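Heads up: the structure comes next, in structure tokens.
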Amino acid sequence: MQKDGSFRLHRVPRDQFRVVVGSLPENAYVKSIQLDETPVTNGMLDLTRGAGGSMLKIVVSPLVLKLPERLWIVPATGC
């Protein structure tokens, strides 16, 4: 692994893979995954056609919950 967190994989077989990112800080989540600017949906990476020289980009962001200034909770029957 490089200092910037990047690394290379060699001899990856042509197949489909599920991208799993572990050991994230408690307040972080995977914001996006892209293979050469193409979004990877549902974490499924399709390399059945090969991907030599491709770049997989995983963006991790802090989880931020921003609440409005005023928040009301009312019974559903009152809506």
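Read-outs: derived from the displayed coordinates by stated rules, not from any lab. All of these numbers come straight from a predicted model, not from anything done at the bench. With ideal geometry, Cβ positions are generated from the backbone for all residues, glycine too; neighbour counts draw on all protein chains shown.
Collect residues whose amide H, placed 1.01 Å from N in the peptide plane, falls under 5 Å from the amide H of Ala28; neighbours closer than 5 in sequence don't count.
Leu63
Does the chain come out rounded, prolate or oblate, given a ≥ b ≥ c as the square roots of the eigenvalues of its C-alpha gyration tensor, rounded meaning a/c under 1.5 and, failing that, prolate meaning a/b above b/c?
It is prolate, given that a/c is not under 1.5 and a/b is the larger ratio.
If the cut-off is a Cα-Cα distance under 17 Å, which lysines reach Lys3, setting aside same-chain residues fewer than 8 apart in sequence?
In chain and number order, the partners are Lys57.
Within a Cβ distance under 15 Å of Asp15, other residues only, what is the Lys/Arg minus Asp/Glu net charge?
With Lys, Arg at +1 and Asp, Glu at -1, the net is +3.
Once the Cβ-Cβ distance between Lys31 and His10 is put in as r, and R0 is 30 Å, what FRET efficiency do you end up with, to the nearest 0.05?
Between Lys31 and His10 the formula returns 0.65.
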